[in-house]
1. When you look at D84, is it among the acidic types (D, E), more than 30 Å from T3 (Cα to Cα) and open to solvent by 90 Å² or more (accessible area, probe 1.4 Å), yes or no?
2. Would a scan of segment 153-160 turn up a residue that is in contact with a helix residue (DSSP H, G or I) (Cβ under 7 Å, 6 or more places away or on another chain), surrounded by 17 or more Cβ atoms within 10 Å (Cβ to Cβ) and not β-branched (V, I, T)?
3. Counting only residues that are open to solvent by less than 60 Å² (accessible area, probe 1.4 Å), under 18 Å from E44 (Cα atoms) and in a loop (DSSP other than H, G, I, E, B), how many does segment 105-137 have?
4. Which of the residues that make up segment 21-67 are in contact with a strand residue (DSSP E or B) (Cβ under 8 Å, 6 or more places away or on another chain) and polar (S, T, N, Q)?
5. Can you find a residue that is at pLDDT 95 or above, within 14 Å of the chain's Cα centre (by Cα) and of a type in the set (G, A, S) anywhere in segment 72-85?
6. Any residue that is open to solvent by 60 Å² or more (accessible area, probe 1.4 Å) and part of a helix (DSSP H, G or I) - is there at least one of those in segment 54-74?
7. Tell me yes or no: at least one residue of segment 142-164 is more than 26 Å from N32 (Cα to Cα), modelled with pLDDT under 95 and part of a helix (DSSP H, G or I).
8. Identify all residues within segment 1-44 that are in a loop (DSSP other than H, G, I, E, B) and open to solvent by 40 Å² or more (accessible area, probe 1.4 Å); write none if there are none.
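The values are calculated or read from the model by the stated rules, or taken from the named source; none is laboratory data. Just so it is clear, the structure is predicted and the values come from calculations on it, not from any experiment. Cβ atoms come from the backbone with ideal geometry, glycine included; neighbour counts cover every protein chain shown. Areas reflect the complete protein model, heavy atoms only, side chains present, ligands, DNA and RNA absent. Shrake-Rupley method; radii C 1.70, N 1.55, O 1.52, S 1.80 Å.
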Amino acid sequence: KDTEVMWVKGSGGDLGTLKKSGLAALYMNRLNNLKKVYRGLEFEDEMVELYNYCIFDLNSNAPSIDTALHAFLPFKHIDHLHPDAAIAIAAAKDGERITQELFEGELAWLPWQRPGFDLGLKLEKAVQENPGVRGIMLGGHGLFTWGDTSYESYINSLEVIEKASIYLEQSYG
């Protein structure tokens, strides 16, 4: 029977040396079912333990606290990045305003909070409330971008980073 599986960097993995064994593979239907048992921010750590019940490939790495940040976005390919140009805006005192003005509604903004299940739900809600956005800037943290294919996600990421870089060079150069 066909089933949707998400592959995501596992806990403690290094992107520079990442191999299949460094990924976590999880059933999407089981991850989505966890929404029914989520009890709130004070129970974030128990949610990470529940990811183990969603594992598809028993040889995969342990799922990380960031799992929900990827699972609840409705896209096939998602990049979670921390490029200098995005961090400079995300960490700025007026980062939300800069993001809104610079990207003219193409990026949503979420204020900083500890990564976890609740933040994954907020990412999902941000996409639902802002149809057509191409990414989300996480205050004080980084950037999420996506695409239907790995290449589209890659190009989207590069375009967003380049736009942020040009803004910083022109504004503070």
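1. Yes.
2. The answer is no; no qualifying residue exists.
3. So the answer is 3.
4. Correct list: S60, N61, S64, T67.
5. Looking for residues that are at pLDDT 95 or above, within 14 Å of the chain's Cα centre (by Cα) and of a type in the set (G, A, S), one finds none in segment 72-85, hence no.
6. For segment 54-74, residues open to solvent by 60 Å² or more (accessible area, probe 1.4 Å) and part of a helix (DSSP H, G or I): absent.
7. no
8. K1, D2, T3, E4, S11, G12, D14, L18, K19, V37, Y38, R39
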